[in-house]
Structures are given as C-alpha cells and as structure tokens.
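A.B. asks: Take this structure, written in structure tokens, and hold onto it; I'll ask about it next.
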Amino acid sequence: MSLGKLFGRAHGAPASLFPVAMAEEDWRRCLAPDAFRVLREHGTEPPHSSPLDGERRPGRFLCAGCGQPLFDAADKFDGGTGWPSFCRPLECAVGRADDGVEATAGTEVHCANCGGHLGHVFADGPPPTGLRYCVNGVAMTFEPQAAEPDPVPGRPACGRR
C-alpha cells in the first residue's frame, strides 16, 4: 500500500490505521495551519524556517500531532539542508512508506502513532546508520532533557554536534 493511501482525507485513507486516529476536521482544529499542512496534507515547510533546525540541547523531538517521541537529540546532526536531520529515529517511532526498501531517492516517513507526515529519509547520512532523516520542524516539538542526563543506552551518537 502506498503512503499516499495511508493518510488523511486528501489521500482517502481511514484514520483508524494508526493508534491515534481522529477525523481530519479534528486534526484541523488541534493543529496550527502550517502543522496541519505538513502532518496531514504532506506539505513541506520552507528550508531554514524552523527554530528546531538549530536546536542543540539534549532532549527529545516529539510528533507535533500526537506527542509521540520520535528522535533523540543525540542523533541529530547538521545535514546542511535547512531542515532538522537525524541519523535514526527512536525504536518503533517512525514508519516508512516503502517498509524498509533502500532510501536512495528519499523515502517518505511518518509518525508510527498518528500517521502524520514528517519528511523523508535518504541514504546519505553519517555513521553509524548512513541514513539522514530530513524532518519538517513544524511536524515536531522539542522536549528538553531533565537535569539528570539519561542517554539512550547502547546507542552511540552520530554525526557532528
């Protein structure tokens, strides 16, 4: 099934395919217009428009639609694209349009919890994964880490900080 068939009113998909499901009218009421356009209608924000691209504090990036933790800040790097870039998502947090096929030309990625469009993954990222998740900042919020550092065990940070 194509990703276009999985999402929203414009793509004809039932919202019930994801654990967090709402009617498109409810999403429209809950989300800012820019977030709705990206998360529910597969839009793209302009490059360099999100403050999250420059976010460098320890913490987590969450889905702006449902609050699902998506990425650890330790996995963020400067991809030079104008959008926040990560070398990997948190486990089971992000789905891919192709169910894991090679990401050479850019594969659409979405929140595994609500189906919101996040951006694309490319096979040109840094070690250890070689992937670059290029994510619309408006599709996320940032949760700073608590005073006590609690890194994800067993996961080396990737890219340049």
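All of the numbers you see were taken from the coordinates with simple rules; none came from a lab. Values in this document were obtained by computation on a predicted structure and should not be read as measured data. As a convention, Cβ positions derive from the backbone with ideal geometry for all residues, glycine included, and neighbour counts pool all protein chains shown.
A.B. asks: Return the long-range amide H neighbours of Leu131 (sequence gap of 5 or more, or a different chain), with a cut-off of under 5 Å between placed amide H atoms.
C.D. replies: Placed amide hydrogens put Gly125 under 5 Å from Leu131.
A.B. asks: Where does each of 108-121, 35-48 land if you order them by average Cβ count within 10 Å, highest first?
C.D. replies: 108-121, 35-48
A.B. asks: Residue-wise, which Karplus ³J(HN,Hα) couplings in Hz belong to region 37-50, taking 6.51 cos²θ - 1.76 cosθ + 1.60, θ = phi - 60°, and x for glycine or proline?
C.D. replies: 4, 7, 5, 9, 10, 6, x, 9, 7, x, x, 6, 9, 9
A.B. asks: With the crude spin-label approximation of a point 7 Å out along Cα→Cβ, what separation in nm comes out for Arg56 versus Glu143?
C.D. replies: Label at Arg56, label at Glu143, 2.4 nm between them.
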